[in-house]
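In what follows, a single structure is set out as structure tokens and then discussed.
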Amino acid sequence: MWNQIQKSIGKLPCPEADSLHRQSIQVETETVHGEKLALQCMGCDACVENKGCMCDHSTQDLKSVVNEADVEDHTEANSSFAHSVINMIGMLIGLGQLSAPYALENGGWASALLLVGIGVICAYTSLLLGKCLEKSPRSRSYADIGQHAFGSRGRVLASTFIDVEIFMTLVSYTISLHDNLITVFAGTQLRLLIWTKLYTSQLLTMIGVLIALPSMWLTDLSSISFLSSGGILMSIIIFTSVAYIAIFQVVKANHSIPVLHLHKIPAISGLYIFSYAGHIVFPNLYKSMNDPSKFTKVSIVSFASVIALYTSLAFTGAKLFGPEVSSQITLSMPRHLIITKIALWATVITPMTKYALMFAPFSVQIEHSLPDSFSSRTKTIIRGAVGSFLLLIILAIALSVPYFEHVLSLTGSLVSFSISIVFPCASYIKISSAQLSKLSLILNATLLAFGLLLGVAGTISSSKSIFTSLKRDHSA
């Protein structure tokens, strides 16, 4: 549903919507994949909220607009090459940055070939999405490509992938909030009289989520969307912190990295793929470019930059902290440093600013599935209540399964491989089957099989790790 709303709004001749779209693309330089999508689905806020705006459809009901299949595409595309590169890099640098050193240490230095290889494959599949858009000019989103390739079932499948990724990413964010709060408030003791079994870390996480809970009731998400720019700032702080520690030898980089732990490859492949999974917004980026023919160069430059960043950060963190490196690099840095404290607080605050924005697709879907007879106040109450309920479910899951590396690996294996490799390859083969050479068909079919194989193996491995950890903690 929200994909239809996004598609229709993007096609309306609305100066305000176009301006907000360009602003949201800028703001999308963010760590978590779900939020990037959330910002885009807002489109013209006045339209989504059915308020008066500068559009020539200000008196129309949004649902009737959504049903207009033949609305012409008048959206102005103004993103330059440099602007698009910055946006794509921002989309790719994300939550996976925290786990890169951990993944390399556990997989061995030879697994860096997998880190680079997956990055190259994801760069290639981003180009496949661009080719799919060339063959279907009316397609504007990831879900549109799914529909063009496989019909309504393709749209449903693509939307399901996206929704699951948003949900699981929110769980990962909440676990990260939990882990970093423990470090920030080390030594603090809290007890709830009515529920003494709750640990201090759990109470702190509950307080953090409760602080963020009122944001689920906001209807004008553009008023807080600027907070998402903090994601790129967090990435800069983390990288700067690790570089500072290495350059000034606060910690000696004298740990040796093992060559290869083959049995851990399925699990860490999920961590690696999650780091590159920005494909759900690449179609929107493509459409925002004033010269889409340069999309190939944009992808090459962006992925090359991010691959270099992740690889250097992974090796530096692994050399600095060795086997003791945490699944989140911020938890391994010397706590007495001011720059470490800043990095920890940035990692704590970031999840609390993301919930409402990442829930935007669900909020729009909920609101526009309600009967027209409901007042705007009733709709706001319902969407706020449902959003709050889902956030509490996410909190419960995060506290029940507080294993950041395993949940992030499961997210990458279960969803990101499908979104970033399997689905683009399958869609391209389907859409371009008549023009594909035998060599191209073999290449894309091989990559599709590669994505499926690692996705299944990683899902099994990370699921086993979660169950093993749960069993161990329950026994303890």
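When you check residue 230 against the structure, is it open to solvent by less than 30 Å² (accessible area, probe 1.4 Å) and modelled with pLDDT of 90 or more, yes or no? So residue 230 does not fit the description; no.
Among the conditions (1) open to solvent by 20 Å² or more (accessible area, probe 1.4 Å); (2) part of a helix (DSSP H, G or I); (3) touching an Asp or Glu at 6+ places or on another chain (Cβ under 9 Å); (4) within 18 Å of residue 209 (Cα to Cα), the only one that residue 379 does not satisfy is (4). Screening the range 431-476 for residues that are under 22 Å from residue 154 (Cβ atoms) and not in a helix (DSSP H, G or I) and picking the one that is least open to solvent (accessible area, probe 1.4 Å) gives 432.
Can you find a residue that is under 22 Å from residue 445 (Cα atoms) and buried (at least 23 other Cβ atoms within 10 Å of the Cβ) anywhere in the range 180-188? No: zero hits. When every residue of the range 414-434 is checked against the conditions, at least one turns out to be free of Cβ contacts under 8 Å to residues at least 60 places away in the same chain and within 25 Å of residue 166 (Cα to Cα).
Scan the range 233-244 for residues that are modelled with pLDDT of 80 or more and either more than 28 Å from the chain's Cα centre (by Cα) or open to solvent by 80 Å² or more (accessible area, probe 1.4 Å) (or both) and the total you get is 2. The number of residues in the range 272-295 being within 22 Å of residue 119 (Cα to Cα) and either in contact with a His (Cβ under 9 Å, 6 or more places away or on another chain) or of a type in the set (A, V, I, L, M, F, W, C) (or both) comes to 11. For the range 354-376, how many residues are surrounded by 13 or more Cβ atoms within 10 Å (Cβ to Cβ) and charged (D, E, K, R)? Of the residues in that region, 2 qualify. Among the residues of the range 258-288, the ones that are among the hydrophobic types (A, V, I, L, M, F, W, C), under 24 Å from residue 235 (Cα atoms) and not in a helix (DSSP H, G or I) come to 1 in all.
A search for C-beta distances below 7 Å between a residue of the range 198-216 that is among the β-branched types (Val, Ile, Thr) and any residue that is not in a helix (DSSP H, G or I), counting only pairs 6+ apart in sequence or on different chains, returns 200/188; 200/189; 200/190. Residues of the range 253-270 include none that is within 16 Å of residue 92 (Cβ to Cβ) and open to solvent by less than 20 Å² (accessible area, probe 1.4 Å). Residue check: is residue 420 open to solvent by 10 Å² or more (accessible area, probe 1.4 Å) and over 19 Å from residue 214 (Cβ atoms)? So residue 420 fails the test. Of the set (1) buried (at least 23 other Cβ atoms within 10 Å of the Cβ); (2) in a helix (DSSP H, G or I), all apply to residue 305 but (1).
Filtering the range 335-364 to residues that are touching a helix residue (DSSP H, G or I) at 6+ places or on another chain (Cβ under 6 Å) and not in a helix (DSSP H, G or I) leaves only 359.
The values are calculated or read from the model by the stated rules, or taken from the named source; none is laboratory data. Just so you know, these numbers come straight off a predicted model, no measurement behind them. All Cβ positions, glycine included, derive from the backbone under ideal geometry; neighbour counts span all protein chains shown. SASA here: full protein model, heavy atoms, side chains in, ligands and nucleic acids out. Shrake-Rupley method; radii C 1.70, N 1.55, O 1.52, S 1.80 Å.
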